[in-house]
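Below you'll find the structure, written out as structure tokens, and then a few comments.
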Amino acid sequence: MIKALKKFGLLFVGPTFLAYTLAFLAPFAIGLYLSFAKFTTVTNATFVGVQNYIDAFSDKQGFVSALIFTAAITIVSIITVNVFAFAIAYALTRKLKGTNFFRTVFFMPNLIGGIVLGYTWQTILNAILLHWQTTLVTNATYGFVGLIILINWQMVGYMMIIYIAGLQGVPKELIEAAEIDGAGKWTILRNVTIPMVMPSITICLFLTLSNSFKLYDQNLALTNGQPLDMTEMVALNIVNTFYSRVGFEGVGQAKAVIFFLIVSVIAFIQLRATRSKEVEA
């Protein structure tokens, strides 16, 4: 068996590795090179060293402010999305009537595209704010709150499904043993349930973190970075730099590489931190 795997392994692994190289490794390598070049097309790139990275952090680019705004959105989203998702999942695993219906209802917003959700919530929130003679794009605070509402509306249902799967995997024997020992509901939740669903928490935190950081279409549809780019997130800033400013394609590519490194490092730290708290049944 081992000899057969060694003999024919390349036959099975080769096509997958080739596809991975063509679809990911090659574009990534080209993009990394272009981040050190000045270009308008891939064929006329001129190497300029780290100048693109220096320009990326200049005040005119708005990249630092976009990073700060994105970080704020991500931190609030991670907390709110996971708290709401876990609370709903916990409620729907309590043997209540109509739980299947509510699971479907809460999950449905995840099936709607970000652009559609963005324009839908823009219409709803602007209609509400018009009572005070204002809109989402007249105040950055309104745009911030609007993005948080939109992100929660879209992500909570998906995270809820993951939490439900985790909660259903908690051994009933542990719950019964804790109840026999006189533990209350909050004590059981804190000391038994939550430690047992840490794998689900790890997954949900990672998905919320990555999806919030790379948010683009919702940001574009809801506020488009207005007012004065104060609600512009990093992904939107990168796209605007690359496609809206001639001669700044290399700077946009440098921003993309920086963004990739930041998200990768933060996601890796988060995974290590949460996995260390996981327990086995």
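The values are calculated or read from the model by the stated rules, or taken from the named source; none is laboratory data. From a predicted model like this one, the values you see are computed outputs, not experimental measurements. Ideal geometry is used to build each Cβ from the backbone, glycine not excepted, and the neighbour counts take in all protein chains shown.
Among the residues of region 238-261, those that are closer than 15 Å to LEU32 by Cα and either outside the structural domain of ILE78 (by TED's automatic domain parsing) or surrounded by fewer than 16 Cβ atoms within 10 Å (Cβ to Cβ) (or both) comprise PHE260, LEU261.
Residues in region 13-68 that are of a type in the set (Ser, Thr, Tyr), part of a helix (DSSP H, G or I) and surrounded by 11 or more Cβ atoms within 10 Å (Cβ to Cβ): 5 in all. Annotation note: Cβ proximity below 8 Å between a residue of region 171-190 that is within 17 Å of ALA89 (Cα to Cα) and a residue that is outside any helix (DSSP H, G or I) (sequence gap 6+ or interchain) occurs for PRO171/ALA281.
All told, ILE203 meets the bar of being buried (at least 16 other Cβ atoms within 10 Å of the Cβ), in contact (Cβ under 8 Å) with a residue 12 or more places away in the chain, in a helix (DSSP H, G or I) and under 23 Å from the mean Cα position of the chain (by Cα). When ASN100 is tested against (1) loosely packed, with under 15 Cβ neighbours inside 10 Å; (2) touching a residue at least 40 places away in the same chain (Cβ under 8 Å); (3) of a type in the set (S, T, N, Q); (4) in a helix (DSSP H, G or I), exactly one condition is not met: (2). Restricting attention to region 134-172, the residues that are more than 24 Å from LEU117 (Cα to Cα) and either among the polar types (S, T, N, Q) or assigned to a helix (DSSP H, G or I) (or both) add up to 6. If you check ILE175 against the conditions, is it in contact with a Ser or Thr (Cβ under 6 Å, 6 or more places away or on another chain) and either assigned to a helix (DSSP H, G or I) or among the charged types (D, E, K, R) (or both)? Considered against the rule, which asks whether it is in contact with a Ser or Thr (Cβ under 6 Å, 6 or more places away or on another chain) and either assigned to a helix (DSSP H, G or I) or among the charged types (D, E, K, R) (or both), ILE175 comes out as no.
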